[in-house]
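Here the structure is laid out as structure tokens; the discussion comes afterwards.
The values are calculated or read from the model by the stated rules, or taken from the named source; none is laboratory data. Everything numeric here is computed off the predicted structure, so don't read it as measured data. In this analysis, Cβ positions are derived from the backbone assuming ideal geometry, glycine residues included, and neighbour counts consider all displayed protein chains.
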Amino acid sequence: MESALSDRESSSRRDFLAGKALRSEVEGASRAAGDALLGGMGARNAGQQEGQGAQPEGGETLRLETRAMACAFSIILNPGEHSRLWVASDALESVHQLEQQMTVYREDSELSQINRQAADGPVSVEAGLFGLFLKCRELGGATDGAFDPTSGPLIALWRRCRDAGRIPTQEEVDECRLVTGIDHVFLDEEASTVAYDRAGVELNLGGIGKGYALDRCVEQLVKQRFDGFVMHGGQSSLLARGDHNQQGGWPVGIGNPLFTDKRLGTILLRDQAMSTSGSNIQYFRHEGRRYGHILDPRTGWPVEGTLSVTVVAPSAAVADALSTAFFVGGVEIARRCCDNLPNVGAVLIPRPERGRRVRPVVIGIADDQIFWDHEQVELSPTQ
């Protein structure tokens, strides 16, 4: 026993010194119910629709957490998994390795090296990362370019202009668009190589990377026979497996984009991933006009009109990419993708024409999976 404690203390000390210390805590039901992820607004909300089943609720959980990709990554486990926390922590720790591979903010990352070399000729790519490139190409085509992993130059342009207190000129936007578009990227599936057709093209996985990291970590947990957990990256991207509180899934809150301290409802995830995109938090103002941080890569300008989009999908990478794409492309692209891609659903929240109640557009998600707060939500007769 003494030796085991010594080993754990040594491991914890190394993790802390490496800046990768993990935190675990047991949460009571009330705290879980107030968590930014776990749903539950009481067994029956005052505004809940008559005849709808009991609102799913959060219960006691165990949490492991680390910080990567500029956000918190957490695994939330059902109670009773104390003896296997170290196995779960190993899976969570792999997020740091994936960040090192995919980030464009470190010159020695694999992706940064690809971006420096691929315009000069084909570059070999690690198998998992190459598979992600293929998925990016597939989703870019399915969304008519609303998801575009080559939009990094546009993002950098808007960031520079925001810091300088101005918006870019159309000429600056057009110049960036000369090097954006997935058509500039050539993938050789036999050789697992990538090449760009001109200098200045770059891949940026910010719109799909967190989801991909979740998928890879959850693969490890499933191999270790973990069941009954939810893992999230920055709370906007998450992946659930198994059951919580014998509810047939994990209850996760759907935030209100107009009032960030409130929830529009709860969605019950059944071995599914979920991702939410919106510009209610990240934006800036210039000369009295509001500019969100999500850009339409087809125009180079910020998207307007939609408050938030939540996507449910089999994988976190797909949910991550499509939540941004649907925010950009709107209801038309969302309906087409939900019809054509297996097990994909979405909730789009347009800006209300009047009042404070929102009218969500729900596509491909079963009624018994969503529980709305009808004091905040007004559903159309068909929903």
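Just one of (1) touching a residue at least 12 places away in the same chain (Cβ under 8 Å); (2) in a loop (DSSP other than H, G, I, E, B); (3) surrounded by fewer than 19 Cβ atoms within 10 Å (Cβ to Cβ) fails for V331. It is (2). Within this structure, D261 passes the test of being in a loop (DSSP other than H, G, I, E, B) and not hydroxyl-bearing (S, T, Y).
Please find, within the stretch 112-153, the residue that is surrounded by the fewest Cβ atoms within 10 Å (Cβ to Cβ) out of those that are aliphatic (A, V, I, L, M) and either in a loop (DSSP other than H, G, I, E, B) or in contact with an Asp or Glu (Cβ under 9 Å, 6 or more places away or on another chain) (or both). The residue in question is L134. Put simply, of T299, T306, T310 the only residue that is at negative phi and within 14 Å of the chain's Cα centre (by Cα) is T310.
Taken together, the residues in the stretch 160-182 that are of a type outside the set (A, V, I, L, M, F, W, C) and within 9 Å of T150 (Cβ to Cβ) amount to 2.
In a residue-by-residue description of the stretch 255-270, the property of being in the same structural domain as N343 (by TED's automatic domain parsing), out of contact with any strand residue (DSSP E or B) (no Cβ under 9 Å at 6 or more places or on another chain) and on the phi > 0 side of the Ramachandran plot applies to no position.
Scanning the stretch 349-381 for residues that are assigned to a strand (DSSP E or B) and more than 23 Å from the chain's Cα centre (by Cα) returns a single hit, V377. Under 14 Å from the mean Cα position of the chain (by Cα) and either outside any strand (DSSP E or B) or assigned by TED's automatic domain parsing to the domain that holds V185 (or both): which single residue out of A213, A240, A199 fits that description? Checking each option against the conditions leaves just A213. Considering only residues in the stretch 335-348 that are touching a residue at least 40 places away in the same chain (Cβ under 8 Å) and assigned to a strand (DSSP E or B), the one that is surrounded by the fewest Cβ atoms within 10 Å (Cβ to Cβ) turns out to be L348.
Out of R285, R289, one residue alone is in contact with a strand residue (DSSP E or B) (Cβ under 9 Å, 6 or more places away or on another chain), surrounded by fewer than 19 Cβ atoms within 10 Å (Cβ to Cβ) and among the charged types (D, E, K, R). It is R285. Listed conditions (1) more than 19 Å from S192 (Cβ to Cβ); (2) at pLDDT 95 or above are all met by D120, apart from (1). When the stretch 154-174 is filtered for residues that are surrounded by 13 or more Cβ atoms within 10 Å (Cβ to Cβ) and over 19 Å from A325 (Cβ atoms), the ones remaining, listed by number, are A156, L157, C161, R162, I167, P168, E172, V173. Looking across the stretch 248-264 at every residue that is touching a residue at least 24 places away in the same chain (Cβ under 8 Å) and within 17 Å of N78 (Cβ to Cβ), the one that is surrounded by the most Cβ atoms within 10 Å (Cβ to Cβ) is identified as W250.
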